[in-house]
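A.B. asks: Structure provided below as structure tokens; questions to follow.
The values are calculated or read from the model by the stated rules, or taken from the named source; none is laboratory data. In this text, all values refer to a predicted model and were calculated from it rather than measured experimentally. Here the Cβ is made from the backbone with ideal geometry for all residues, glycine too, and neighbour counts use every protein chain on show. Heavy atoms of the whole protein, side chains included, go into the accessibility calculation; ligands, DNA and RNA do not. Shrake-Rupley method; radii C 1.70, N 1.55, O 1.52, S 1.80 Å.
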Amino acid sequence: SSAPFHGPSSAKESTLTQSFQLHEPAPLLTSSAHSCSVTLVSRSFANSYGSPSTLSFDPRTAFAGTACSDPDEWTGLTLDVHGETRGRQFDRLGTVWVGNNATGQGVEVLRLDNPEPTKQGVYWSTKKDVGKYWPLWSQPADLVFDLPNIVDDTYTGALNVTLKLTASVQGSLTRGRKRTHAGRIPALPLKQRTAHLVIPLSKRLQTG
């Protein structure tokens, strides 16, 4: 199940400390002209071992009524993670899997880790370009977000996480190292730039 959490609406309103990585994050491959975001999971992961969040995702339903309603026109796709926690907790390893209806197997599209919090608390935000997985997101599929955590008298930090999918249309690619408008060229839809089938490395077992 996915119990929603209600945290600060913005970093400015939060008393939490921002946690960020020193290494430059992986680049997003396109800049978007129009983007649309849908919340996939919003949950406080407390005692969540063996209890992942699962849902059925249909892109045309999720983005209905927006500029991103047609997956064939997407030029960019990112998974956006925002998390907040306070107290005492380890860094926990989480994964996001998207079902592959063509092969009957799930594909891991994101692996994430949370910062260890302080008593006052921390928050973090990350983005991952998942455009290369367009075949998985462009059709109805099952999604699993697994973030095993323990909350007890010793480890008191629940992991309050929101996972969003952001699609963009009419995006552009950066040409060379130029960051000006003149250094950008229109991006072809992901449908024309990605593989038609994604096959995971798996033993094809139903167990973990």
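A.B. asks: Would you confirm whether any residue within the range 113-121 is within 30 Å of residue 34 (Cβ to Cβ) and either of a type in the set (Lys, Arg) or surrounded by 15 or more Cβ atoms within 10 Å (Cβ to Cβ) (or both)?
C.D. replies: no
A.B. asks: Please state which one of 41, 107 is buried (at least 21 other Cβ atoms within 10 Å of the Cβ), in contact (Cβ under 8 Å) with a residue 60 or more places away in the chain and among the aliphatic types (A, V, I, L, M).
C.D. replies: 41
A.B. asks: Sort out which residues of the range 56-67 are out of contact with any His (no Cβ under 7 Å at 6 or more places or on another chain), touching a residue at least 40 places away in the same chain (Cβ under 8 Å) and either among the charged types (D, E, K, R) or surrounded by 12 or more Cβ atoms within 10 Å (Cβ to Cβ) (or both), and write them in order of number.
C.D. replies: 57, 58, 59, 62, 63
A.B. asks: When residue 98 is evaluated against the numbered criteria (1) open to solvent by 10 Å² or more (accessible area, probe 1.4 Å); (2) touching a strand residue (DSSP E or B) at 6+ places or on another chain (Cβ under 7 Å), which criterion, by number, is the only one it fails?
C.D. replies: (1)
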